[in-house]
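Chemist: Following this message is one structure expressed as structure tokens.
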Amino acid sequence: PRQPAKTLWYDRPRYVYLEFCVEDSTDVKVVIEDQRLVFSCKNADGVEFYNEINLYARINSKDSREKRSDRSITCFMRKWKEKVAWPRITKENIKPAWLSVDFDNWRDWEGDEEVERAMVEQYAEV
């Protein structure tokens, strides 16, 4: 049976970030649409993970990417309306048990665009 992966998210002026916490993932599939993201993979033990998120607002799917590491898969999605804060990542105003805010990466936007640009460039190089 499939189960949802533990997911962290955080908001930035230009992008919104989602991190699916699955170690040693294989068969990673990420489908990013303008209002929806579908994620699936397996872990080293063959457990299947599946998450589907109807996004709070529209994103630019063409300018959105994902990056896999040994610990997780991070997706960053370009907001259609930049500099508009997202109060949540889901369209529905309910918080799934598997979804949490990534407080380590959640910070005030003041002067944050340089930091964000550097992060995105770092991802793009991988």
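To keep it simple, each residue is scored yes or no on (1) at pLDDT 95 or above; (2) surrounded by 18 or more Cβ atoms within 10 Å (Cβ to Cβ); (3) under 21 Å from VAL115 (Cα atoms).
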residue: ARG12; (1), (2), (3): no, yes, yes
residue: VAL22; (1), (2), (3): yes, yes, no
residue: ASP27; (1), (2), (3): yes, no, no
residue: GLU52; (1), (2), (3): yes, no, no
residue: SER61; (1), (2), (3): yes, no, no
residue: LYS67; (1), (2), (3): yes, no, yes
residue: CYS75; (1), (2), (3): yes, yes, yes
residue: ARG78; (1), (2), (3): yes, no, yes
residue: LYS81; (1), (2), (3): yes, no, yes
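Chemist: Go through segment 83-96 and give me each residue that's in a loop (DSSP other than H, G, I, E, B) and surrounded by 12 or more Cβ atoms within 10 Å (Cβ to Cβ).
Modeler: Matches in segment 83-96: TRP86, ARG88, ILE89, LYS91, LYS95, PRO96.
Chemist: Of all residues being among the acidic types (Asp, Glu) and open to solvent by 60 Å² or more (accessible area, probe 1.4 Å) in segment 97-117, which is modelled with the highest pLDDT? Just the residue, please.
Modeler: Checked segment 97-117; the qualifying residue modelled with the highest pLDDT is ASP104.
Chemist: For PHE39, all conditions in the list (1) open to solvent by 60 Å² or more (accessible area, probe 1.4 Å); (2) more than 18 Å from GLU116 (Cα to Cα) hold save one; what is the number of the exception?
Modeler: (1)
Chemist: Of everything in segment 57-78 that's in a loop (DSSP other than H, G, I, E, B) and out of contact with any strand residue (DSSP E or B) (no Cβ under 6 Å at 6 or more places or on another chain), which residue is nearest to ILE32 (Cα to Cα)?
Modeler: Of everything passing the filter in segment 57-78, ARG58 is nearest to ILE32 (Cα to Cα).
So that you can scan it fast, the table gives a plain yes or no per residue for (1) touching a residue at least 24 places away in the same chain (Cβ under 8 Å); (2) more than 14 Å from PHE20 (Cβ to Cβ):
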| position | (1), (2) |
| --- | --- |
| ASP45 | no, yes |
| TYR50 | yes, no |
| ASN54 | yes, yes |
| ILE59 | yes, yes |
| ARG71 | yes, no |
| THR74 | yes, no |
| TRP80 | yes, yes |
| TRP86 | yes, yes |
| LYS95 | no, yes |
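The values are calculated or read from the model by the stated rules, or taken from the named source; none is laboratory data. Just so we're clear, the structure is a prediction, and the values are computed from it rather than from any experiment. Cβ sites come from the backbone with ideal geometry, for glycine too, and all protein chains shown count toward neighbours. Surface areas here come from the heavy atoms of the whole protein model, side chains and all, with no ligands, DNA or RNA. Shrake-Rupley method; radii C 1.70, N 1.55, O 1.52, S 1.80 Å.
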